[in-house]
Every structure is written in structure tokens, then in C-alpha cells.
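The values are calculated or read from the model by the stated rules, or taken from the named source; none is laboratory data. Just so you know, these numbers come straight off a predicted model, no measurement behind them. Every residue, glycine as well, gets a Cβ built from its backbone with ideal geometry; the counts of neighbours run over all protein chains shown.
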Amino acid sequence: MRCQPSKSNQVYNWLKNKQHCLLCDEAADGALAICTSCEAELPWLGGHCQVCALPLPSHGLVCGACLKKPPSFSRVEVPWRYAFPIDSLITRFKHQARWPLGRLLGELLSQHLLHAFDEGLPRPDLLLPVPLASRRQRQRGFNQATMLGQWLSTSLQLPWQDAWLQRIIDTPAQQQLDAATRKRNLRKAFALAPGSAISGLQIALVDDVLTTGATAESLARLLNKAGAARVDVYCLARTPKPGD
């Protein structure tokens, strides 16, 4: 499967060709490169906080953290828990440039969001991918959130902007840090580009994984300050509390 076109060939259009499941290599049942059995076995989120999507024992609850201090974003929409094989697929997409895996996850996320819109989730006016620090993006070669934002924009027919949010401070990698350290890292780490017209818009932030929510909180606070009418967060996966 080609991700980039050559000078003499068109881009491979995977939605118009017979697919094989990227997880088990069996023939896929539909247009996407995943079979029904593998899709059913993905770690679907199930019960979760109605605000931050933290996995919870049952549906319709709000977690203690969101009750105590409501976040600056309105709602997190995410289809999966960060567990096998989703964690492996995201890692391979993000750190090994396995773009077909990211594209598959992005298409499944768009289906989840279309269902959420039918259930009453407001459609945003604009998608904004979470920015990477310039040094980290040079090392990786791409921003996975930007790619997800572009795919969602096409699937959902929503506009997106990849330059309005800027990461102006290159903070240490967040994965191994606790919530308090993440929040300290992200103080003044983001800014809006000059000319960004946020006022009155409903915004959806796009990222791969939501862990403590510190990045989403920092960006939502920035967007609210700029006059955003609502900020939601769209992610592929949500991590549970440590030890859960």
C-alpha cells in the first residue's frame, strides 16, 4: 500500500480496493482494512466520565475530578481505552511512521464521531490538531495529530487549521510524568498564531491519546480566553487511572 504518490502514479485509494485486515491479515469485510472480528475485539471504551471520558464502571457518570473542578473543555469524545492492541497500533503509527495504521484508526474515529453527532454532540465549526514542538516534529518527521485532523476533516466534511495553534516552548516528553508535573510543563507552552479567528467558534481539538488531560486543559483555556464558544476534544484513546 502506497502512502505517497510517485511522479507517474496516482495515490493508492484504499477505500476503492479489496482490503485485508491490518491486524490479522484476513480478508476485510468492508471498505476499511479491518475485519469484523478484530474490530469487535478492540478495547471499546464502555462506561466512562461524561466530561473527560475517564473509564468508569458504568455509563452516565461524571468522575470526581470533573465534579470537583470542571475542565475548560466541554467534552472528550474517544472510542477506545488505551489498551492492546490500540496502544500498539498508535505507537507504530506515531513512532514508526506506519501511516496506514493511523489512517485506519482515523477512519474508525470518524465513524464514532458521526454516531456521536447523531446522538446530539454539536458539530464543531473547526478542527484544530494539537501542535508538536518543532524539534520533536523534525525528529519524527510528522505530527500525528495533524494527520488525524486532516483525515477527520475529509471524512466529516469539517474545516481544519494546522497553523493556528502553536507550541512555543519545547517541554520534556509528557508520557512518564504525573499530572502535576505535566501541568507545570505546559504553563505558557502554547499560543495562538496572529490572525487566528477563534471568537464565537465551536472548536474540536484533535490528538491521539488523552492521559491526564493537561494538554487539552491548557489548550482549551487558551481558546476560551480567545472567545471560543465551546471546546471539545477528539482522541483515539483514553488512558485509565494508574492502577485501574
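Name, by its number, the condition in (1) more than 23 Å from residue 156 (Cα to Cα); (2) at pLDDT 95 or above; (3) not in a helix (DSSP H, G or I) that does not hold for residue 88. Failed condition: (3). If you go through the stretch 126-165 and keep only what is assigned to a loop (DSSP other than H, G, I, E, B) and farther than 27 Å from residue 115 by Cβ, you end up with 131, 132, 133, 141, 142, 163, 164.
If I filter the stretch 222-234 for residues that are in the same structural domain as residue 53 (by TED's automatic domain parsing), surrounded by fewer than 22 Cβ atoms within 10 Å (Cβ to Cβ), among the small types (Gly, Ala, Ser) and part of a helix (DSSP H, G or I), do I get at least one hit? No, every residue in the stretch 222-234 fails to be in the same structural domain as residue 53 (by TED's automatic domain parsing), surrounded by fewer than 22 Cβ atoms within 10 Å (Cβ to Cβ), among the small types (Gly, Ala, Ser) and part of a helix (DSSP H, G or I). For the stretch 107-121, residues that are closer than 15 Å to residue 39 by Cβ and in contact (Cβ under 8 Å) with a residue 60 or more places away in the chain total 3. The set of residues from the stretch 46-64 being buried (at least 19 other Cβ atoms within 10 Å of the Cβ) and either assigned to a strand (DSSP E or B) or aliphatic (A, V, I, L, M) (or both) comprises 48, 49, 51, 53, 54, 55, 56.
In this structure, residue 132 does satisfy being over 26 Å from residue 200 (Cβ atoms) and of a type in the set (A, V, I, L, M, F, W, C). Return a yes/no flag: does the stretch 65-75 have any residue that is crowded, with 19+ Cβ neighbours inside 10 Å, in the same structural domain as residue 213 (by TED's automatic domain parsing) and aromatic (Phe, Trp, Tyr). Within the stretch 65-75 (the criterion being crowded, with 19+ Cβ neighbours inside 10 Å, in the same structural domain as residue 213 (by TED's automatic domain parsing) and aromatic (Phe, Trp, Tyr)), the answer is yes, since at least one residue qualifies. Within the stretch 104-130, the set of residues being under 20 Å from residue 161 (Cα atoms) and either out of contact with any Leu (no Cβ under 9 Å at 6 or more places or on another chain) or modelled with pLDDT under 95 (or both) comprises 122 only. Reported count of residues in the stretch 147-159, each being surrounded by 18 or more Cβ atoms within 10 Å (Cβ to Cβ) and more than 10 Å from residue 109 (Cβ to Cβ), is 3. Here residue 101 meets the list (1) in contact with a strand residue (DSSP E or B) (Cβ under 6 Å, 6 or more places away or on another chain); (2) of a type outside the set (Lys, Arg); (3) crowded, with 17+ Cβ neighbours inside 10 Å almost entirely, failing just condition (1).
Number of residues in the stretch 220-244 that are of a type outside the set (S, T, N, Q) and under 14 Å from the mean Cα position of the chain (by Cα): the value is 8.
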